[in-house]
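Asks: I have a structure I would like to understand better, so I am pasting it below and will then ask my questions one at a time.
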Amino acid sequence: MNIHEFQAKQLFSQFDIPVPRGKEVKNPVAAEKWAAKLNAPVYVVKAQIHAGGRGKAGGVKLTKNRDEVPGLMKEMLGKKLVTHQTGPKGRKVRRVLIEEGAGIAKELYLSLLVDRDSGRPVFIASTEGGMEIEEVAAHTPEKVLQEAIDPAVGFQGHNGRNLAFSLGLPALEPSIVNPFIALLGNLYRLFMEKNASLVEINPLVITTDKRLIALDGKVSFDDNALFKHADVQAFRDLNEEEPLEIEAAKNNLNYVKLDGNIGCMVNGAGLAMATMDVIKLAGSEPANFLDVGGGATKETVAAGFRILLKDRNVKGIFINIFGGIVRCERIAHGVIDAAKEVAIKLPVVVRLQGTNAEEGRKLLQESGLKVEVATDLWEAAQKIVAVTGKKRKKAEAAA
Ligand code: GDP
Ligand code: MN
């Protein structure tokens, strides 16, 4: 789960990570009042969406004139921001943060995430803050520094000193070294206590008056640990989440929307990934990742169908089930029942393997539904691509 910048900054404050004075403001009148209270030399009005790159897209506005604050906010609310992270459709601004502007001497990059290779939390830092870290990594990889933390020992002073010295902070601003190390420790505490999967501060700034401030904040949480954190759950903003993903979560389905036109219903995450790969290999693109779970029932299949059919991009449905714990004839019944409930006008290819696969195929073939049945994965993928049309160019598919 992701949260807004203003929420991340509330969390930062709780963990003694310095942030600008600021708050979410609901309307221009409140903005006027808050700006008066801030009484700052510079005001920053920031669009709150679950995507970065707002600065370049007009989602971050600075003004020295307090009277301009409500107007800037009004302009921003309801606007569609298109950034490299929103996709071409953009994202509507529904919430706004207003804070005191900082005088920037230097922008740093800092994040903490789980490194899957070492299985450890790792800090990533760079003196090239403010821009996309992917760009820095692509062009000047030597400027992206890492410090892995042994989770059994926790964050130690030497971890902080390592990072501070390799960044060259003592030469840049010696008075910032100790606050920086303290900030790393606090960030680590936040990360572990709240079961975060990513915390990113870009930029972490050294101000002209030599303070260290988190000017931006992004925090993602491990969904599997959310039940432990009512405070984090309260940050949830469903407006920022994919409606179909919300509905899928209600039905305990593991669904991720994608951009292709073949709706996939698969049991097991590994098989779901293999299914997406094989669709691409056959020259098309999956419309989603959908894992109905190892113990899929008639009901989950029906819920899965409803979700797939709500996606207007979907031009065909590919059901790929391996009967291990699930029995294939149950899935077949699920498909037949769901077809009665929701009129399925789209072509459907079903591949069943494993327990009672034969029986399941027979049920489907005799159901009178317009369903193509397959036994082999490659054959099934080619069938669904044949009826939905190739999306990928040959060269791309081969790459
Ligand atoms: P993002 O573009 O979505 O990552 O939004 P950020 O919160 O990182 O803001 C983008 C950029 O706006 C920052 O890198 C800064 O250069 C600038 N910015 C944001 N807040 C301030 C501020 O208080 N003072 C100054 N001078 N610049 C700011
Ligand atoms: Mn940023």
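Asks: So Val266 fits all but one of (1) surrounded by fewer than 22 Cβ atoms within 10 Å (Cβ to Cβ); (2) away from ligand 2 (no atom under 16 Å from the Cβ); what number is the exception?
Replies: If we test Val266 against (1) surrounded by fewer than 22 Cβ atoms within 10 Å (Cβ to Cβ); (2) away from ligand 2 (no atom under 16 Å from the Cβ), just (1) comes out false.
Asks: Could you pull out the residue among Leu38, Leu97, Leu113 that is of a type outside the set (Lys, Arg), farther than 15 Å from Leu215 by Cα, modelled with pLDDT of 95 or more and not assigned by TED's automatic domain parsing to the domain that holds Asn202?
Replies: Testing whether each residue is of a type outside the set (Lys, Arg), farther than 15 Å from Leu215 by Cα, modelled with pLDDT of 95 or more and not assigned by TED's automatic domain parsing to the domain that holds Asn202 leaves just Leu38.
Asks: Further question: If we scan region 80-89, do we find a residue that is without any contact (Cβ under 8 Å) to a residue 12 or more places away in the chain and over 28 Å from Val144 (Cβ atoms)?
Replies: yes
Asks: Go through region 208-236 and report how many residues are within 16 Å of ligand 1 (Cβ to nearest atom) and either within 27 Å of Gly294 (Cα to Cα) or surrounded by 12 or more Cβ atoms within 10 Å (Cβ to Cβ) (or both).
Replies: So the answer is 11.
Asks: So, one more: Would you be able to tell me the number of residues in region 308-327 that are of a type in the set (A, V, I, L, M, F, W, C), modelled with pLDDT of 85 or more and buried (at least 24 other Cβ atoms within 10 Å of the Cβ)?
Replies: 5
Asks: Consider Phe227 carefully, then state whether it is under 30 Å from Leu187 (Cβ atoms) and in contact (Cβ under 8 Å) with a residue 12 or more places away in the chain.
Replies: no
Asks: Moving on. Could you say whether any residue in region 203-218 is farther than 25 Å from Gly101 by Cβ, away from ligand 2 (no atom under 16 Å from the Cβ) and either within 17 Å of the chain's Cα centre (by Cα) or not in a strand (DSSP E or B) (or both)?
Replies: Taking every residue of region 203-218 in turn, none turns out to be farther than 25 Å from Gly101 by Cβ, away from ligand 2 (no atom under 16 Å from the Cβ) and either within 17 Å of the chain's Cα centre (by Cα) or not in a strand (DSSP E or B) (or both).
Asks: Can you confirm whether region 22-38 contains a residue that is within 13 Å of ligand 2 (Cβ to nearest atom) and under 25 Å from Pro179 (Cα atoms)?
Replies: no
Asks: Restricting attention to region 356-377, and to residues there that are more than 37 Å from the chain's Cα centre (by Cα) and of a type in the set (D, E, K, R), which single residue is nearest to Asp277 (Cα to Cα)?
Replies: The selected residue is Arg361.
Asks: Condition test on Leu226, is it more than 21 Å from Asp16 (Cβ to Cβ) and in contact with a helix residue (DSSP H, G or I) (Cβ under 8 Å, 6 or more places away or on another chain)? Show your work before the answer.
Replies: On the way: more than 21 Å from Asp16 (Cβ to Cβ): yes; in contact with a helix residue (DSSP H, G or I) (Cβ under 8 Å, 6 or more places away or on another chain): yes.
Spelling it out, Leu226 is indeed more than 21 Å from Asp16 (Cβ to Cβ) and in contact with a helix residue (DSSP H, G or I) (Cβ under 8 Å, 6 or more places away or on another chain).
Asks: Does Lys390 count as more than 16 Å from Ala302 (Cβ to Cβ) and not β-branched (Val, Ile, Thr)?
Replies: Taking the combined requirement at face value, the residue satisfies it.
Asks: Would you call Glu135 within 16 Å of ligand 1 (Cβ to nearest atom) and without any contact (Cβ under 8 Å) to a residue 40 or more places away in the chain? Step through it out loud before you land on a result.
Replies: Working: within 16 Å of ligand 1 (Cβ to nearest atom): yes; without any contact (Cβ under 8 Å) to a residue 40 or more places away in the chain: yes.
When the stated conditions are applied, Glu135 passes them.
Asks: Here is a follow-up. From the list Ile104, Ile124, Ile133, which residue is within 13 Å of ligand 2 (Cβ to nearest atom), buried (at least 16 other Cβ atoms within 10 Å of the Cβ) and closer than 25 Å to Ile49 by Cα?
Replies: Answer to the selection: Ile133.
The values are calculated or read from the model by the stated rules, or taken from the named source; none is laboratory data. The model shown is predicted, which means the values in this text are computed figures rather than measured ones. Neighbour counts are summed over all protein chains in view; Cβ atoms, including those assigned to glycine, are modelled from backbone coordinates with ideal geometry.
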